[in-house]
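Structure, as structure tokens:
The values are calculated or read from the model by the stated rules, or taken from the named source; none is laboratory data. No experiment lies behind these values; they were computed from the predicted model shown. Cβ: placed from backbone, ideal geometry, glycine included. Neighbour counts: every protein chain shown.
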Ligand SMILES: Cc1cc2nc3c(=O)[nH]c(=O)nc-3n(C[C@H](O)[C@H](O)[C@H](O)COP(=O)(O)O)c2cc1C
């Protein structure tokens, strides 16, 4: 079994809906060799990352940056993981009121230091909620899990 970890802050109904969609996408019925866990950012720790074969980070954009909860997670795992997770395939989704670029860039900057490997383009979901966002999040989860199962990440 390969392990896919999703770590996200979940401050609202929409963000919980997105995270669940990513997780459900990763649990696609045709994918049976990937175990996917969704963990809220404050509850996630370095051991979760060390045990993962790939990771999806999810954040809201707050004050033009990543959320405080995801930043706290990355601060806690940074040094315990730094020498052990180089090349970890990762992906990102951002939920933003009107922009999202700052959150995307701030996560990417931190992850550059960790030397993880981007497996998908960042998914930025901004503005008023659109029903298609759920499908996009599901597709992200499916793409990561399928890539992991096929050894293509
Ligand atoms: C303190 C705070 C700061 C925020 N800053 C930004 C921001 O800089 N840019 C942006 O696009 N949205 C910003 N937002 C909006 C959040 O990204 C948005 O509330 C979050 O993605 C949840 O969206 P939802 O209404 O779909 O649940 C901010 C929200 C809060 C509470």
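Here are a few things to note about the model shown:
- Verdict on residue 53 being within 20 Å of residue 139 (Cβ to Cβ) and exposed (fewer than 15 other Cβ atoms within 10 Å of the Cβ): no
- If the condition is being farther than 16 Å from residue 6 by Cα and touching a strand residue (DSSP E or B) at 6+ places or on another chain (Cβ under 8 Å), then region 77-103 contributes 87, 96, 97, 98, 99, 100, 101, 102, 103.
- Close contacts from region 86-107, counting a first residue that is within 20 Å of residue 17 (Cβ to Cβ) and a second that is within 6 Å of the ligand (Cβ to nearest atom) and modelled with pLDDT under 95, with Cβ to Cβ under 9 Å and a gap of 6+ residues or different chains, come to none at all.
- Residue list for region 13-29, restricted to those being without any contact (Cβ under 8 Å) to a residue 12 or more places away in the chain and assigned to a loop (DSSP other than H, G, I, E, B): 29
- Screening region 41-50 for residues that are without any contact (Cβ under 8 Å) to a residue 40 or more places away in the chain and crowded, with 16+ Cβ neighbours inside 10 Å and picking the one that is nearest to residue 124 (Cα to Cα) gives 41.
This table checks each residue for (1) surrounded by fewer than 19 Cβ atoms within 10 Å (Cβ to Cβ); (2) more than 20 Å from residue 10 (Cα to Cα).
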{"residue": "31", "(1), (2)": "no, yes"}
{"residue": "57", "(1), (2)": "no, no"}
{"residue": "74", "(1), (2)": "no, no"}
{"residue": "77", "(1), (2)": "no, no"}
{"residue": "84", "(1), (2)": "yes, yes"}
{"residue": "91", "(1), (2)": "no, no"}
{"residue": "109", "(1), (2)": "yes, yes"}
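- In region 18-39, the residue that is nearest to the chain's Cα centre (by Cα) out of those that are within 15 Å of the ligand (Cβ to nearest atom) and closer than 17 Å to residue 67 by Cα is 19.
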